[in-house]
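Chemist: Pasting a structure below so you can have a look.
The values are calculated or read from the model by the stated rules, or taken from the named source; none is laboratory data. Treat the numbers as computed from the prediction; the structure is a model and nothing was measured. With ideal geometry, Cβ positions are generated from the backbone for all residues, glycine too; neighbour counts draw on all protein chains shown. Keep in mind that these areas ignore ligands, DNA and RNA; they rest on the heavy atoms of the full protein, side chains included. Shrake-Rupley method; radii C 1.70, N 1.55, O 1.52, S 1.80 Å.
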Amino acid sequence: MTSAKCLLITKGSKAIGAIIWAIAQHFSLATLYDAAILAVAELESAEFWTADASLLNTLTPYPGYVQKLET
């Protein structure tokens, strides 16, 4: 079991599901995959580093925990 999956179980799937859905809707994300990663970063007060230009363009303006990884 991955640490992310453990986190989802211990935090309560209904609460996280609502946050994932809210993030996906707010940023008009095409999939829930990116929203799930963002939700975990938000809940854990962690930075989320990415070089995914498409995602970064969608997240304009970036949430405070999202950092651009320069390639």
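Chemist: Spot the failing condition for Thr71; the list is (1) modelled with pLDDT of 95 or more; (2) part of a loop (DSSP other than H, G, I, E, B); (3) open to solvent by 100 Å² or more (accessible area, probe 1.4 Å), and only one is missed.
Modeler: If we test Thr71 against (1) modelled with pLDDT of 95 or more; (2) part of a loop (DSSP other than H, G, I, E, B); (3) open to solvent by 100 Å² or more (accessible area, probe 1.4 Å), just (1) comes out false.
Chemist: Another one. I'd like to verify a number: residues in the range 54-71 that are more than 22 Å from Gln25 (Cβ to Cβ), over 14 Å from the mean Cα position of the chain (by Cα) and not charged (D, E, K, R), how many?
Modeler: 2
Chemist: Could you look through the range 32-61, keep only residues that are of a type outside the set (Asp, Glu), part of a loop (DSSP other than H, G, I, E, B) and closer than 22 Å to Thr71 by Cβ, and pick out the one that is least open to solvent (accessible area, probe 1.4 Å)?
Modeler: Leu59
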